[in-house]
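Rule-based calculations on the coordinates, nothing more; no lab input. Worth saying up front: this structure is predicted, and the values here are computed from it rather than measured. Cβ coordinates were reconstructed from backbone atoms using ideal geometry, including for glycine residues, and neighbour counts include every protein chain displayed.
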């Protein structure tokens, strides 16, 4: 098969495909290949569909046909899937051949296609997947001679350069800690802060500590505190115990202060409401006039001076 130029994503994925014979698609030939002849890229950072989602895709293909061709690379006599691993698996379930566009391309171009298709088509990517995708794209751009690789990625996906840089930085995080970023136990920005450790072993120690404390979550503020702490102490168990206990105490103190202030504010409001009710409303529910209200206020003040502790119950009739 002759060498072909790489189609744009729009070219590769546009249109509905029908029939079983090879046919042109925006200037590219679409061929049908047996699923057994297609190889998936091992150790790629993107998750494959779970069984339920794969079943939904298979049902759709059975009903409507394969709407988008897979993009495969021919290398060393093998067909390597660059885009469409889930479509290939769905076709394999159905026992049908897979519609593909076959390309001959460089390693850098292959990495760009792999990451592009996932970044454009999938909206539920985990932080670790974004981190790996941006890192692969950066390396691919640099392999092609692109000097401002991070800026090129940011421009392609409508992100800021800082955002792309931060996700790429997550690749320096311990794999277990990175999984906690995916789970939400560590926010992305906290994960980025934790990559600034001087001793990589401290990240491993922190990961093991979090395994032993499954309810522990690390905030951005705590992550920054840990990095500051590392300058004097390694993240050994006793050090981490003291750090998180101290942070928990500070948090509890802040919560208590907030609750106390809230209670105090409520008491002041209640007292103020009672005062207004006493001074503005008569016992029968009608309102005092401005003139009589001033008289009442004066009498209340005199009463408080005479009976600071309230009336004597033994003299009340």
### Query
Can you sort 129, 224 so the residue with the fewest Cβ neighbours within 10 Å comes first?
224, 129
### Summary
Distance in nm between residue 59 and residue 198 label points, each 7 Å along Cα→Cβ, equals 5.8
### Task
Pull out the extension gain between residue 176 and residue 156, defined as 0.36 nm times the separation in residues minus the alpha carbon to alpha carbon distance; nm, one decimal.
4.2 nm
### Query
Along the three principal axes, how long is the range 106-197 when you take its alpha carbons, biggest first, rounded to the nearest angstrom?
37, 27, 23
### Task
Sticking with the crude label model, points 7 Å out along Cα→Cβ, report the distance from residue 144 to residue 40 in nm, one decimal please.
2.7
### Query
Over what distance in Å are the Cα centres of the range 54-121 and the range 174-208 separated?
33
### Task
Just grab the label-to-label distance for residue 208 and residue 241, each label 7 Å out from Cα along the Cβ direction, in nm (one decimal).
1.5
### Query
Regarding the range 125-172, what is the average projected area of its C-alpha convex hull, in nm²?
3.0
### Task
Please report the base-10 log of the normalised intensity I(q)/I(0) for the range 30-103, using a Debye sum with one equal scatterer per alpha carbon and no solvent, at each q in 0.12, 0.27, 0.28 (1/Å).
-0.29, -1.35, -1.41
### Task
May I ask what percent, to the nearest 5, of DSSP beta bridges between residues of the range 48-127 are antiparallel?
55
### Query
How would you rank 45-53, 111-119, highest first, on the average number of other Cβ atoms within 10 Å across their residues?
111-119, 45-53
